Amino acid sequence: MALRDDGAAALDWVASYLERVRELPALAQVAPGDVRAALPASAPEHGEEFPAVLQDLDEILLPGITNWQSPRFFAYFSTTGSEPAILADLLAAGLNQVGILWRASPALQELEEVTLAWLAELLGLPDGWHGHLEQGASVATLGALAAAREAKPGHVLASEHAHSSVERACRLLGLELRKVPVDDEFRLRPEALELEGASAVVATVGTTSTTSVDPVAAVVERCASAGVWVHVDAAYAGSAMVCPELRWAFEGIEGVDSLVVNPHKWLLVTQGCSAFWTQRPEELRAAFSLVPEYLRTSDEVVSFSEYSVELGRGFRALKLWTVLRCYGREGLQEAIRKSIALAALFEGWVRDEPGWELCAPRPFSVVCFRREGSDQENEVLLERVNATGEAFLSGTRLNGRFVLRLATGNARQTEDDVGAAWEVLQRCAR
Ligand code: PLP
C-alpha cells in the first residue's frame, strides 16, 4: 500500500466531502437493507487496491450516510467534526496507542491530564479535580454512579427529563432509579428529591429534549447534608461554559462530586470524546481498580485504567488538545455564540409567524416548536421535511404533546442554512 499516495487521495476525499456536504441530503434517503444489499456477502479472497475502497465509499456508502457534518443537519444535537480534530484522528490512528497503563503510553496519559485541566479552566471549573476522557457520556455516567454506589449504596434520583443513559447505568449497576418531577420549564424540582436512602442525584445541565437546566446549586445544597453524591450531566451544554455569560447554568458546580461534558457534541471535536471530572477519585478508583499480575509495574504512577471500565484507551486526548490549540478560547467562544445567535434567529421567526408556536424556553441552541394542529399532523410534517433531504430535524414529546426540535451547533452553519430549514418547514406545512 502506498501510504503517501493513498493517504493524499483519502485526505482529498475528506476535503471534497466537506466542500460539498451542504448539497448532500442531510438525512440518508435509503431504505433499510439498501446498503447491505449493495455490499458483497463475503470479504475478498485477495487484497484489493485502496482506490477501490474510496470508489465504494462514494458509490455504496455515501448514499447511506446521514450527514452529521452537514450545516443542514438540525436533529438531536448538531455537531462538528472540525478540520483540526479530523487531522488529529488521523495522527492518533498513525500512532495507534493502547493506553492500558501509564508506561504503555506516558504521553497519552499525561496529555490527557493536562488537556482536561486546560478544559476545566476554560469551563470555569475549580482547580485540582481528577479528569479523564471517556468514549461517551453514557460510559462516564456509568462510572460516576459506580463510584457513588461505592461511596454509599442506595437509589438514584434524576429528573424525568434526564437522558436514558442514566436509566441504563442504573439498570447495569442494579440501582433503583426514581424519577423526580420537573417544573413548568422542565427543570428538576429540588424540593421533590427523596434523599433518605439515596446514593446519588443526577442533575442535567442541558436536557436532551429542551436543554433545560436543573438547579445545580439547590441540588448540591440539599445533597451535602444528606451525604448524597451529585453527578452533573452536562454532555451537551457543558461546552457552552467557555462563554462566561452562560456560566449561570453552572452555578453551584464547585460542590458537585462528578461532571461529564462532551466535547464531541458542541466543542468541535470528532465523535468519541467525553470529558469526565470528579472531586472524589478515591471512590472512582475503588469502584474500578483491578490490576492483574501481568499488568503490575514498579512505576509510581496510577494509570487511568484504574478509573474506568476501559483497559486499553485510545489517544482521544490528541484531538481535544489539537482543537483547543487550533481554536483557542476565543475561537471556541465564537463557535458557541454563533450557534446560539442562529437558534435565536430561528426562534424569532417562529414566534412571529401565525400558526406556529414555541414550546419551551431556549437557554442555548435548541428551539422546541410546533405547527398548530394535531400531534399526528406535526409528525407528518417532520417526516415530509426530512424526506426532502434539504434539512434534518428531530422531534420529542413535552407534556404529552409532540413537538419539533431545531438544533444549531454545526460550525459550518450560516443564516442561509437556518433560513433554508425554515423555508422547507413552511413549504411542507402548506
Ligand atoms: N446526556 C445527555 C444530556 C445527552 O443529550 C446525551 C446524548 O445526546 C447523552 C448523555 C449520551 O451521550 P453519549 O452519546 O456521549 O453517550
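The values are calculated or read from the model by the stated rules, or taken from the named source; none is laboratory data. Computed from a prediction, not measured in an experiment: that's the story for all the values here. Here Cβ is always computed from backbone atoms with ideal geometry, including for glycine, and neighbour counts include all displayed protein chains. Each accessible area value is taken on the protein alone, full model and side chains, heavy atoms only, with ligands, DNA and RNA left out. Shrake-Rupley method; radii C 1.70, N 1.55, O 1.52, S 1.80 Å.
Between Arg370, Arg430, which is over 27 Å from Leu267 (Cβ atoms) and open to solvent by 60 Å² or more (accessible area, probe 1.4 Å)?
Numbers: Arg370 fails: open to solvent by 60 Å² or more (accessible area, probe 1.4 Å).
Residue meeting the stated conditions: Arg430.
Given (1) under 30 Å from Ala226 (Cα atoms); (2) within 16 Å of the ligand (Cβ to nearest atom), identify the lone condition not met by Leu320.
(1)
Could you check the stretch 88-110 and list, in sequence order, the residues that are touching a Leu at 6+ places or on another chain (Cβ under 7 Å), more than 20 Å from Gly7 (Cβ to Cβ) and open to solvent by 20 Å² or more (accessible area, probe 1.4 Å)? Don't jump to the end; show me each part of the working.
Within the stretch 88-110, the subset touching a Leu at 6+ places or on another chain (Cβ under 7 Å) is 88, 91-92, 97, 99-101.
Filter again for more than 20 Å from Gly7 (Cβ to Cβ), leaving 99-101.
If the condition is that a residue be touching a Leu at 6+ places or on another chain (Cβ under 7 Å), more than 20 Å from Gly7 (Cβ to Cβ) and open to solvent by 20 Å² or more (accessible area, probe 1.4 Å), then Ile100, Leu101 are the ones that fit.
So which residues in the stretch 147-177 are among the hydrophobic types (A, V, I, L, M, F, W, C), more than 9 Å from the ligand (Cβ to nearest atom) and open to solvent by 10 Å² or more (accessible area, probe 1.4 Å), if there are any at all?
Of the residues in the stretch 147-177, the ones among the hydrophobic types (A, V, I, L, M, F, W, C) are 147-148, 151, 156-158, 162, 166, 169-170, 172-173, 175, 177.
This time we only want the ones that are more than 9 Å from the ligand (Cβ to nearest atom), so: 147-148, 151, 156-158, 169-170, 172-173, 175, 177.
The answer is Ala151, Leu172, Leu173, Leu175, Leu177.
Mind listing just one residue for me: the one in the stretch 373-399 that is assigned to a loop (DSSP other than H, G, I, E, B) and touching a helix residue (DSSP H, G or I) at 6+ places or on another chain (Cβ under 9 Å) and, of those, surrounded by the most Cβ atoms within 10 Å (Cβ to Cβ)?
Step by step, filter the stretch 373-399, then rank; the result is Ala391.
Being within 15 Å of the ligand (Cβ to nearest atom) and open to solvent by less than 40 Å² (accessible area, probe 1.4 Å) is the filter; apply it to the stretch 178-190 and report the residue that is farthest from the chain's Cα centre (by Cα).
Val182
Looking only at the stretch 115-145, count every residue that is open to solvent by 10 Å² or more (accessible area, probe 1.4 Å), part of a helix (DSSP H, G or I) and in contact with a helix residue (DSSP H, G or I) (Cβ under 7 Å, 6 or more places away or on another chain) and tell me the total.
Number satisfying all stated conditions: 5.
Looking at the stretch 266-294, which of its residues are of a type in the set (Gly, Ala, Ser) and within 16 Å of the ligand (Cβ to nearest atom)?
Selection gives Gly272, Ser274, Ala275.
Out of the residues in the stretch 199-233 that are among the hydroxyl-bearing types (Ser, Thr, Tyr) and closer than 20 Å to Glu176 by Cα, which is farthest from the ligand (Cβ to nearest atom)?
Within the stretch 199-233, the match that is farthest from the ligand (Cβ to nearest atom) is Ser199.
Taking Ala85 and the conditions (1) of a type in the set (A, V, I, L, M, F, W, C); (2) open to solvent by less than 60 Å² (accessible area, probe 1.4 Å); (3) not in a helix (DSSP H, G or I), which numbered condition does it fall short on, given that it satisfies the others?
Looking at each condition in turn, Ala85 falls short on (3).
Do we find a residue being among the charged types (D, E, K, R), touching a helix residue (DSSP H, G or I) at 6+ places or on another chain (Cβ under 9 Å), open to solvent by 30 Å² or more (accessible area, probe 1.4 Å) and assigned to a helix (DSSP H, G or I) anywhere in the stretch 253-261?
Yes: one or more hits.
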